[in-house]
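The values are calculated or read from the model by the stated rules, or taken from the named source; none is laboratory data. None of these values were measured; they are calculated from a predicted model. Using ideal geometry, Cβ is built from the backbone for each residue, glycine included, and neighbour counts are taken over all protein chains shown. Calculation scope for accessible area: heavy atoms of the full protein, side chains included, ligands and nucleic acids excluded. Shrake-Rupley method; radii C 1.70, N 1.55, O 1.52, S 1.80 Å.
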Amino acid sequence: MKKLLTALSLSIIFFGCQSEKGKIYVPREITKNESLNAYQEKNAITINDYETNQNKELNLDPGAEETFNVKFRDTVIRIQTDPAKEDAAIDRFAFAQFVNSQKTCVLVQSADTTEQVAPFYLISFRDEKVEVISLSRPSKGADDKKYTKGLVKAGSSGFMINNDFFVTNVTSKVYLIKRQNPDERIQGDFLMQSPDKQTVVFLTPKSLYQFNYLTNEAFNQPFAIKAPATPAETYEWAKDNFSWKKNKTGNTFLVANPDEDRIVDINEFSVPYKDR
């Protein structure tokens, strides 16, 4: 009798998990400098453990890393990854975090491990509807495999996504990073931000490529000598050889010091590579 009750309980748990409601959303492309912040009903969007409590009790796949799903009220949000295949939908994410204080916009990364870097999406609830936005731009860069690193945390201000998008983590605003070459993502490592948090700096093989995402102005500072081999070493080297200065338009960029003996205040620098 005890065995029968156990079997029935497991069946109820199994079919309960299988019957969880879900809806498939087709992702759209992001528009330039789009804000997804919205003041809406609280807890309409929730982030949950992908594995249910029942599955945890059954010890299914106990060695797996924690993953998440996202729900709109009681409905699981599924993202269609292939427009030609209606059944090509995902609802399991390796990363999920709200990027606005109202908790109406979630940055997620697919748990798919078949790609070098799994794709990122934003799930947004505003104007009483849910939509999914893809954070993807085609690139033909020769060193894309080296520089496509997924998500890099930029201090407390936001996230850099594949050198192509900057997502603020309080107001859920998305900025498209201006490329050096329109056909390829920036072939370099994200290094630091300016003190005013508006300029992002990339370490490329021959220069510091910089972009002020609020004004859409870019500046490239070539190296007079070869930079150190690693981003961490370059950060220290940059403190000794470059200074933050405002240009005629009021934007702050790193420029080479005319005097190599100048002492640079460490407070001029923000978001060191070693602390990310």
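Annotations for the structure displayed:
- At least 1 residues being more than 25 Å from residue 156 (Cβ to Cβ) and in contact with a Pro (Cβ under 9 Å, 6 or more places away or on another chain) is the threshold, and among the strands (runs of 3 or more DSSP E) wholly inside the range 65-129 those reaching it are 75-80, 105-110.
- Subset tally (residues that are assigned to a loop (DSSP other than H, G, I, E, B), surrounded by 17 or more Cβ atoms within 10 Å (Cβ to Cβ) and of a type in the set (Ser, Thr, Tyr)) for the range 149-191: 2
- Residue among 215, 230 that alone is of a type outside the set (D, E, K, R), within 19 Å of residue 153 (Cβ to Cβ) and without any contact (Cβ under 8 Å) to a residue 40 or more places away in the chain: 230
- Any chance residue 217 is open to solvent by 50 Å² or more (accessible area, probe 1.4 Å), at pLDDT 95 or above and of a type in the set (Asp, Glu): yes
- Count of residues meeting criterion [assigned to a loop (DSSP other than H, G, I, E, B) and either closer than 16 Å to residue 126 by Cβ or modelled with pLDDT of 90 or more (or both)] in the range 24-49: 13
- Checking each residue in the range 209-260 for being touching a strand residue (DSSP E or B) at 6+ places or on another chain (Cβ under 9 Å), of a type in the set (D, E, K, R) and either part of a loop (DSSP other than H, G, I, E, B) or under 23 Å from residue 168 (Cβ atoms) (or both) picks out 217, 246.
- Contacts under 6 angstrom Cβ, first residue in the range 118-139 being open to solvent by less than 30 Å² (accessible area, probe 1.4 Å), partner small (Gly, Ala, Ser) and in a loop (DSSP other than H, G, I, E, B), 6 or more apart: 125/44
- Taking residues in the range 71-97 that are under 16 Å from residue 134 (Cβ atoms), and partners anywhere that are buried (at least 16 other Cβ atoms within 10 Å of the Cβ) and of a type in the set (Asp, Glu), the pairs with Cβ atoms closer than 9 Å and at least 6 places apart or on different chains are 77/91; 78/91; 79/91.
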